[in-house]
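Okay, so here's the structure we're looking at.
Taken together, the values in this text are just the output of simple stated rules run on the coordinates, not laboratory data. This structure is a prediction, so every number in the text was calculated from the model and none was measured. As a convention, Cβ positions derive from the backbone with ideal geometry for all residues, glycine included, and neighbour counts pool all protein chains shown.
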Amino acid sequence: MKKIRVAIIGTGSISKLHAAAYKRLECVEIIACCDINKDRAKEFAKKYDVPQVFTDFNEMLKLEEIDAVSVTTWNNVHAPASIAALKAGKHVLCEKPLALNAVQAQQMVDTAKEAGKLLMVGFVRRFGENTKALKNFIDSGELGEVYYAKTGCLRRWGNPGGWFSDKKRSGGGPVIDLGVHVIDLVRYLIGKPKAVSVSASTFNKLGMKPNVKGIGKYYSADYSEYNDVEDCAAALIKFDNGVTLFFETSWVQNIKKDSLYLELYGNKAGAQMEPELELFENKGEYLSNSKPLMSTEGSSFEHNFNEEIQHFVDCIANGTSCLNPGEDGVELMKILDAIYKSSETGYEVVID
């Protein structure tokens, strides 16, 4: 089979997971990479044996031999880089969030349709074994009618700094960085309904807290202490299928410990997916909790990225229906836009 030739735009932290996943596949060859930091791009190329290095993605996209592109840049480059790649005739896997807002995201989807190319959004958590298992339970009716959900991703001290905390480049803080994953997971699990309204608050009270000692955290590759994004946020999101979702997130918050949770409530049973998959139901006359047996490796970050990249390649090579189409990224951006707008205005936002 003819090899699929891939290029990567942006060689920061997340790009390494893309590259490692591509390198596992015999049918894929990474032939070029691009970053505005030439030294970083060269280091990336050396590590992953990439023959061509660029600092301008428009120049790189002139290579006719490129079949597909991973866009793993700052958020504000997602739309221009993806649109340029699609117009150049390349398939695109763009990291989450799809863009800075829903308008940009829709432009990306429209361009993909005009070009006849695949636009896939990097909702990598959809590929975890725990996600697949819970999705199976829901689709087979184990939970009955799901009517309420709660999810959150909370850090006590975890603002990455750098571009993450610069709103011009990131679009926001933990809502667009962490919330994008857990909100999408809930929406995906319950059948991808459309959000109809959002009531939300965001807070910027604590800043970077750069001098905290005794705890480790992730730092952006271009770390700086500039910060103009939210510390934390909470929202109530209502969907057109009757489900209500409570969501919260934080990078910096005075809490006891970090936490990640996702809970769904149905009229036959409830379930949590994080921190571990468990069902809450009735067995005869007794209440019962049950934990499906599955390997921890099946939902690791590396496993999820390997599955996502393999799926992207399968879609290109075999025409497989895409699990993460760009349209899903648009719907998610509508929700994130509404969270920020509701916070700014103090009122519930109705989503068209």
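Table for the structure above
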| read-out | value |
| --- | --- |
| Qualifying trypsin sites (Lys or Arg not before Pro) in the stretch 29-105, DSSP loop, other Cβ atoms within 10 Å at most 14 | LYS62 |
| Percent breakdown of C-alpha pair distances by 10 Å bin, ordered from the shortest bin, for the stretch 4-122 | 15, 51, 30, 4 |
| Loop chymotrypsin sites (Phe, Trp or Tyr not before Pro), the stretch 226-277 (other Cβ atoms within 10 Å of the site Cβ: 14 or fewer; DSSP) | TYR226 |
| Scattering curve values for the stretch 90-192, log₁₀ I(q)/I(0), Debye with Cα scatterers, q = 0.11, 0.14, 0.17, 0.18 Å⁻¹ | -0.45, -0.71, -0.96, -1.03 |
| Lys pairs under 29 Å by Cα in the stretch 122-200, provided they are eight or more residues apart or on distinct chains | 12 |
| Those residues of the stretch 333-350 whose amide nitrogen sits under 20 Å from the label point placed on SER197, 7 Å along Cα→Cβ | 334-350 |
| LYS168/GLU114 FRET efficiency (R0 22 Å; Cβ-Cβ; nearest 0.05) | 0.20 |
| Length released on extending from LEU206 to ILE36, taking residue separation times 0.36 nm less the Cα-Cα span | 58.1 nm |
| In nm, spacing of pseudo-spin labels at SER259 and ASP139 (7 Å Cα→C-beta vector) | 3.1 |
| Pairwise centroid distance, computed over Cα atoms, of the stretch 21-42 with the stretch 143-179, Å | 28 |
| Whole-angstrom Cα spans of the chain along principal axes, big to small | 64, 48, 43 |
| Spin-label zone in the stretch 246-274 - amide nitrogen under 15 Å from a point set 7 Å from the Cα of SER290 along the C-beta vector | 268-272 |
| Computed [θ] at 222 nm, deg cm²/dmol, the chain (DSSP H ≥ 4; -39,500 (n - 2.57); rounded to nearest 500) | -10000 deg cm²/dmol |
| Principal axes of the stretch 112-152: Cα extent on each, largest first, Å | 41, 19, 19 |
| Footprinting exposure proxy for TYR286, TYR340 (fewest neighbouring C-beta atoms within 10 Å first) | TYR286, TYR340 |
| Over 22 Å between alpha carbons, listed pairs LYS117/LYS238; LYS2/LYS117; LYS113/LYS334 | LYS117/LYS238 |
